[in-house]
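Enquirer: So that we are looking at the same thing, I have put the structure below in structure tokens.
Readers should treat all values here as calculations from the given coordinates under stated rules, not as data from a laboratory. Not measured: the values here are computed from a predicted model. So basically every Cβ, Gly included, is an ideal-geometry build from the backbone, and we count neighbours across all protein chains shown.
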């Protein structure tokens, strides 16, 4: 049986996933866009398999485009 996420997504926070292996994904959140971009780009530099989700508004992710210049 699949384990459910142990947290609720907070509106206004930025989220991204890091895929750590087969069926193992870590979801990371940051309060501001700058913090999220910095953390996401750090994982990219470490050659991790990352997926940018964007800003959670309570129903869907907005701001889904990750800036390539970061």
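Enquirer: Counting other beta carbons within 10 Å of each residue's own, what order do 13, 40, 7 fall into, fewest first?
Expert: 7, 13, 40
Enquirer: Also, I was wondering about something else. Rank these for me by crowding, 41, 32, going from fewest to most other beta carbons within 10 Å.
Expert: So the ranking, lowest neighbour count to highest, is 32, 41.
Enquirer: So what is the 222 nm mean residue ellipticity for the chain from helices alone, if each DSSP H run of at least 4 adds -39500 (n - 2.57) and you divide by all residues, rounding to the nearest 500 deg cm²/dmol?
Expert: Only helices count here, giving -6000 deg cm²/dmol.
Enquirer: Oh, and also: Over the chain, with a Gaussian network built from C-alpha contacts below 10 Å, which listed residue (54, 21, 12) shows the highest mean-square fluctuation?
Expert: Among 54, 21, 12, the largest GNM mean-square fluctuation belongs to 21.
Enquirer: With the radius of gyration and the Kirkwood radius both derived from the Cα set of the chain, what is their ratio Rg to Rh?
Expert: Rounded to two decimals, Rg over Rh is 0.97.
Enquirer: Something else now. Note down the relative contact order for the chain as a percent, whole number, built from C-alpha pairs under 8 angstrom at least six residues apart.
Expert: 34 percent
Enquirer: Compute a Gaussian network model of the chain, connecting alpha carbons closer than 10 Å, and tell me which residue from 26, 37, 18 fluctuates the most.
Expert: 26
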